[in-house]
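Okay, structure first, notes after.
The values are calculated or read from the model by the stated rules, or taken from the named source; none is laboratory data. Please read all numbers here as calculations on a predicted model, not as lab measurements. Please note: Cβ atoms are built from the backbone with ideal geometry, for glycine as well, and neighbour counts cover all protein chains shown.
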Amino acid sequence: MDTLFGDDANQTGDSGASSGAVPAGEQPLAARVRPRSLDGFLGQSHLLAEGSALRTAIEQGRPHSMVLYGPPGSGKTTLARIVAAGSGAAFEELSAVQAGRAEVRAVIERAAHRRQTGGPPTVMFLDEIHRFNKAQQDALLPAVEEGLITLIGATTENPAFEVNGALLSRLRVYALQALSIDELTEVLRRAAPGEPSAAEEALRFLATRSEGDARTALNALELAIETAAELGEEEIGVARAEDALQRRAVLYDKGGDRHYDYISAWIKATRGSDPDASLYYLAVMLEGGEDPRFIVRRMVILASEDIGNADPAALSVATAAADAVEHVGLPEARYALAQAAIYLSLAPKSDAAGRALSAAQAHVRENGAQPAPPWLRSGPRPGQDRGGYENPHRLPGHVGPQELAPEGVVGQRFYAPDQAEAELAARLARIRSERGREDG
């Protein structure tokens, strides 16, 4: 369970891997091609830019305790090993799924022994740190505080909720992102053997359909390689990649007609109040690798354009989904997209807001912009009178008879509530009556 960095690190006098380590040639492809330095590491440019705290710590060999928070296959374990290798530290690796306080105590004892005997510092990598309960996390605290170990935790869960405050306050949190399709394609390109060769479209398919998870993509590539070799195939194509990943290729071109066809179909299905069709087109776009930001922008637009004040909460749902896409990303943000698609499909529909604004804009284009009445202007200016504004908050019902439209626009009606806005229609009729505007 606990291993030193062994052959992957600068040797520091500690023995390498545990006796049960798998020989390098028999390790999975994802382990064999794991980069050992930043030169071969792909992704996370927002954390590893020149001069960044994390890159500087790695380059100077002075690691600090941290939590690497991100989706599966984004490079958390690889980055932890690179941190340890750059420091020449002994690398102790535990999984919180299997380890308990006894295993943690053993790591700490070995770290203390190294310090007492002039050995290397200790970097402890704890995968899935969120699985440790408070007592287990507390057992780490003294060793982290004393600098006996440099703790690197990895988690797919938000550490603000899953790591107790005392420990979290002593860790730097780094949020990793899912690899992009281009980054994942390059990972696969570097891992692909010369024989059998891998077609570029097959690599692209695996990258697109692995949802940013390098481990998933590499495991599928390895299975495709083994199958093709056994069958005597000279090239790994999309069909072989499909079989290895067990996901069918979706004919989808993000830059072509299908990109627009499917978003158009999603809009029309959602506007037509069919949640099943809406979810289907959403699934096609996600499976085809569509940018979720493109999808959620259309959701925000539809919430106002096609639902509007028939259900004002629809806009809040859509904008919340947009926030989820930005802050969470795929694959987890797909839940927010699905929730929004269903809500928008079943919400009552009204395009009255858009029609009202279009009518107002048409009037302005045809007649020009009329000056606001003097009593509504912002302040006195040379040659202009101001005064006489009646604040409706000082009037019964917060409504008064004072004219609020420019002289040339009095009596114009732009907003016409439709059937889905019956409550607004009744309120508008009451207000117009109280203001003496029933004739509109």
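What tally of residues in region 185-222 results from selecting those that are in contact (Cβ under 8 Å) with a residue 60 or more places away in the chain and touching a Lys or Arg at 6+ places or on another chain (Cβ under 6 Å)?
As a first pass, look at region 185-222 and keep what is in contact (Cβ under 8 Å) with a residue 60 or more places away in the chain: 186-187, 190-191, 208-219, 221-222.
Add one more test, that the residue is touching a Lys or Arg at 6+ places or on another chain (Cβ under 6 Å), and what stays is 209.
The number of residues fulfilling the criteria is 1.
Can you name every residue in region 107-164 that is of a type in the set (Ser, Thr, Tyr) and in a helix (DSSP H, G or I)? Let's see the steps before the verdict.
Taking region 107-164 first, the residues of a type in the set (Ser, Thr, Tyr) are 117, 122, 150, 155-156.
The answer is none; no residue qualifies.
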Pick from region 350-388, criterion surrounded by 11 or more Cβ atoms within 10 Å (Cβ to Cβ) and among the charged types (D, E, K, R), ranking: modelled with the highest pLDDT: Asp351
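Of the residues Pro35, Pro63, which single one is touching a residue at least 40 places away in the same chain (Cβ under 8 Å) and surrounded by 19 or more Cβ atoms within 10 Å (Cβ to Cβ)?
Numbers: Pro35 fails: surrounded by 19 or more Cβ atoms within 10 Å (Cβ to Cβ).
Result: Pro63 is the single residue among Pro35, Pro63 that is touching a residue at least 40 places away in the same chain (Cβ under 8 Å) and surrounded by 19 or more Cβ atoms within 10 Å (Cβ to Cβ).
Grab the helices (runs of 4 or more DSSP H) fully contained in region 170-239, keeping just those with 1 or more residues being surrounded by 14 or more Cβ atoms within 10 Å (Cβ to Cβ) and in contact with a strand residue (DSSP E or B) (Cβ under 6 Å, 6 or more places away or on another chain). So that I can check it myself, show each step before the final result.
On the way: elements: 181-191, 200-209, 214-230.
Counting at least 1 such residues, we get 200-209, 214-230.
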Close pairs (6 angstrom Cβ cut-off, 6 or more residues apart or separate chains): in the same structural domain as Val144 (by TED's automatic domain parsing) and within 16 Å of Gln136 (Cα to Cα) in region 161-173, among the basic types (Lys, Arg) and exposed (fewer than 14 other Cβ atoms within 10 Å of the Cβ) anywhere: Asn164/Lys134
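Going by the structure shown, is His130 without any contact (Cβ under 8 Å) to a residue 40 or more places away in the chain and under 28 Å from the mean Cα position of the chain (by Cα)?
Yes.
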Phe132 of a type outside the set (Lys, Arg), over 17 Å from Thr156 (Cβ atoms) and surrounded by 19 or more Cβ atoms within 10 Å (Cβ to Cβ): no
Hey, Gln98 of a type in the set (S, T, N, Q), assigned to a helix (DSSP H, G or I) and modelled with pLDDT under 90 or not: no
Given (1) touching a residue at least 24 places away in the same chain (Cβ under 8 Å); (2) at positive phi, index of the condition Gly147 fails: (1)
Residues satisfying the stated conditions in region 386-428, i.e. small (Gly, Ala, Ser) and under 30 Å from Ala347 (Cα atoms): Ala416, Ala420, Ala422, Ala425, Ala426
Search result, residues across region 415-440 that are modelled with pLDDT under 80 and either polar (S, T, N, Q) or outside any helix (DSSP H, G or I) (or both): Tyr415, Ala416, Ser433, Arg435, Gly436, Arg437, Glu438, Asp439, Gly440
Qualifying residue in region 335-357 (condition: within 18 Å of Gly411 (Cα to Cα) and among the small types (Gly, Ala, Ser)): yes
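Out of the residues in region 388-414 meeting the condition of being charged (D, E, K, R) and in a helix (DSSP H, G or I), tell me which one is farthest from Gly354 (Cα to Cα).
Here is the first cut: in region 388-414, the ones charged (D, E, K, R) are 390, 394, 403, 407, 413.
In the following step, the residues that additionally are in a helix (DSSP H, G or I) were identified as 394, 407.
Working: Arg394: 32, Glu407: 24 Å.
The residue in question is Arg394.
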